[in-house]
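Here's the structure, in structure tokens; my notes come after.
The values are calculated or read from the model by the stated rules, or taken from the named source; none is laboratory data. Computed from a predicted structure; not experimentally measured. Please note: Cβ atoms are built from the backbone with ideal geometry, for glycine as well, and neighbour counts cover all protein chains shown.
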Amino acid sequence: MSIYLLNWFFLLALVPVAFFWLRRAWRIGVRRDFSEVALKKGLPPPDAERYAPYELAINLLGGLVLVAVLVAVLGFQALSRDEWIAIAGSTLWIKIFASLALSRQAHGFAVAGRRRPGSSP
């Protein structure tokens, strides 16, 4: 498989990723559905509404950057191969790490073997 095909595959893979992130932003911002906010092990935190604006911003910004890359490459051919790959790759990793950090912050940092104050045995 040539590098050319891998580039096209990566570019076309950005479409469902951008759609998924923008759909999550829509659900959080418009529908006020907080079931996908700061997930850890598939569960939202008890106070998901508190972290919803941050998750909304992370998903909206990431989705819009990917859509801009797609438009710039497919529509206007304004970015070189190295430029769009760098922008898209950085956006993917930054969004993943930002969502991970938010979910860990929302759920708290529990040390193994120790209970949180106020929790029952």
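Here the stretch 38-59 is the region considered, the condition is being touching a Lys or Arg at 6+ places or on another chain (Cβ under 9 Å) and among the aliphatic types (A, V, I, L, M), and the residue that is nearest to residue 71 (Cα to Cα) is 58.
Taking the condition β-branched (Val, Ile, Thr), in contact (Cβ under 8 Å) with a residue 40 or more places away in the chain and assigned to a helix (DSSP H, G or I), does residue 15 pass? Break it down stepwise before answering.
On the way: β-branched (Val, Ile, Thr): yes; in contact (Cβ under 8 Å) with a residue 40 or more places away in the chain: yes; assigned to a helix (DSSP H, G or I): yes.
Yes.
Taking the stated definitions as given, is residue 19 of a type outside the set (S, T, N, Q), within 13 Å of the chain's Cα centre (by Cα) and surrounded by fewer than 19 Cβ atoms within 10 Å (Cβ to Cβ)? Yes; evaluated as a whole, the condition is true for this residue.
Here is a yes/no grid of residues against (1) among the aromatic types (Phe, Trp, Tyr); (2) under 25 Å from residue 10 (Cα atoms):
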{"position": "38", "(1), (2)": "no, no"}
{"position": "54", "(1), (2)": "yes, no"}
{"position": "61", "(1), (2)": "no, yes"}
{"position": "68", "(1), (2)": "no, yes"}
{"position": "81", "(1), (2)": "no, yes"}
{"position": "87", "(1), (2)": "no, yes"}
{"position": "90", "(1), (2)": "no, yes"}
{"position": "104", "(1), (2)": "no, no"}
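Every condition in (1) in a loop (DSSP other than H, G, I, E, B); (2) out of contact with any Pro (no Cβ under 7 Å at 6 or more places or on another chain); (3) hydrophobic (A, V, I, L, M, F, W, C); (4) surrounded by 14 or more Cβ atoms within 10 Å (Cβ to Cβ) is met by residue 64 except one, and the failing one is (1). Checking the stretch 30-47 against the condition returns a match, with at least one residue being of a type in the set (Val, Ile, Thr), more than 14 Å from the chain's Cα centre (by Cα), farther than 30 Å from residue 4 by Cα and modelled with pLDDT of 90 or more.
Residue-level check: of (1) surrounded by fewer than 16 Cβ atoms within 10 Å (Cβ to Cβ); (2) under 17 Å from the mean Cα position of the chain (by Cα), residue 27 misses just (1).
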